[in-house]
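The values are calculated or read from the model by the stated rules, or taken from the named source; none is laboratory data. All of these numbers come straight from a predicted model, not from anything done at the bench. With ideal geometry, Cβ positions are generated from the backbone for all residues, glycine too; neighbour counts draw on all protein chains shown. Accessible surface is based on the protein model in full, side chains and every heavy atom, while ligands, DNA and RNA are left aside. Shrake-Rupley method; radii C 1.70, N 1.55, O 1.52, S 1.80 Å.
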Amino acid sequence: MQQAIRHILSESGISFSIETYEYNPQGSSIGVQAAQSMGQDENSVAKTLIIEVDKKQPVCVVLPVHKKVNMDNVASLLMGKKARMMNADKSTKLTGFVSGGTSPLGVFNLMPVYVAKELMNLKALYVNAGDRGLVVKLAPQDLIQITGAKAAAVSLELA
């Protein structure tokens, strides 16, 4: 899967870099771990979550690692009533990615992709590149261009 993502990025002609971070399986939030390991601000490191709307429609949501998904807004984006996190096993079976390794660059042909609006103000952001410990740095506009994603209000501050 990582090779497919590298191929997509290379073929797109955009500027990007693949970077690594130290993954700790005993740690809590993988995304926060990544930001700390790379010395990056949590606002510029994104997590990729697979959400299920009305138990039938998968959707990929990309948001800053220190925020949570606004499930009501995600459901509304797909004209649904209820959104929830997809079960990790079901997500892996659907996407081919292990939990903590899901990349929007590998799922855009399977489901709609939404990127948190606040990420669009960044010069560059880090998204998963297909495995734990591996991210790609690219401009948010390039992520939108490659994946066909839409920017939307999909995140909330953690309480």
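Some observations on this one:
- Test set (1) farther than 21 Å from Asp131 by Cβ; (2) part of a helix (DSSP H, G or I) - Val32 fails condition number: (1)
The rows are residues; the columns are (1) modelled with pLDDT of 95 or more; (2) within 18 Å of Thr102 (Cβ to Cβ).
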site	(1), (2)
Gln2	no, yes
Leu9	no, yes
Gly13	no, no
Tyr23	no, yes
Ala46	yes, yes
Ile51	yes, yes
Val61	yes, yes
Pro64	yes, yes
Lys68	yes, yes
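- Val136 being more than 17 Å from Val69 (Cβ to Cβ), touching a residue at least 40 places away in the same chain (Cβ under 8 Å) and touching a Leu at 6+ places or on another chain (Cβ under 7 Å): yes
- Test: residue in the stretch 97-120 that is over 13 Å from the mean Cα position of the chain (by Cα) and either without any contact (Cβ under 8 Å) to a residue 12 or more places away in the chain or within 19 Å of Lys56 (Cβ to Cβ) (or both): yes
- Of all residues in the stretch 14-40 being among the small types (Gly, Ala, Ser) and open to solvent by 70 Å² or more (accessible area, probe 1.4 Å), the one that is nearest to Val74 (Cα to Cα): Ser28
- Identity of the residue in the stretch 7-21, in contact (Cβ under 8 Å) with a residue 24 or more places away in the chain and assigned to a loop (DSSP other than H, G, I, E, B), that ends up farthest from Val45 (Cα to Cα): Ile14
- Wholly within the stretch 41-159, strands (runs of 3 or more DSSP E) carrying at least 1 residues that are surrounded by 22 or more Cβ atoms within 10 Å (Cβ to Cβ): 46-53, 57-64, 83-85, 113-116, 125-131, 134-138, 155-157
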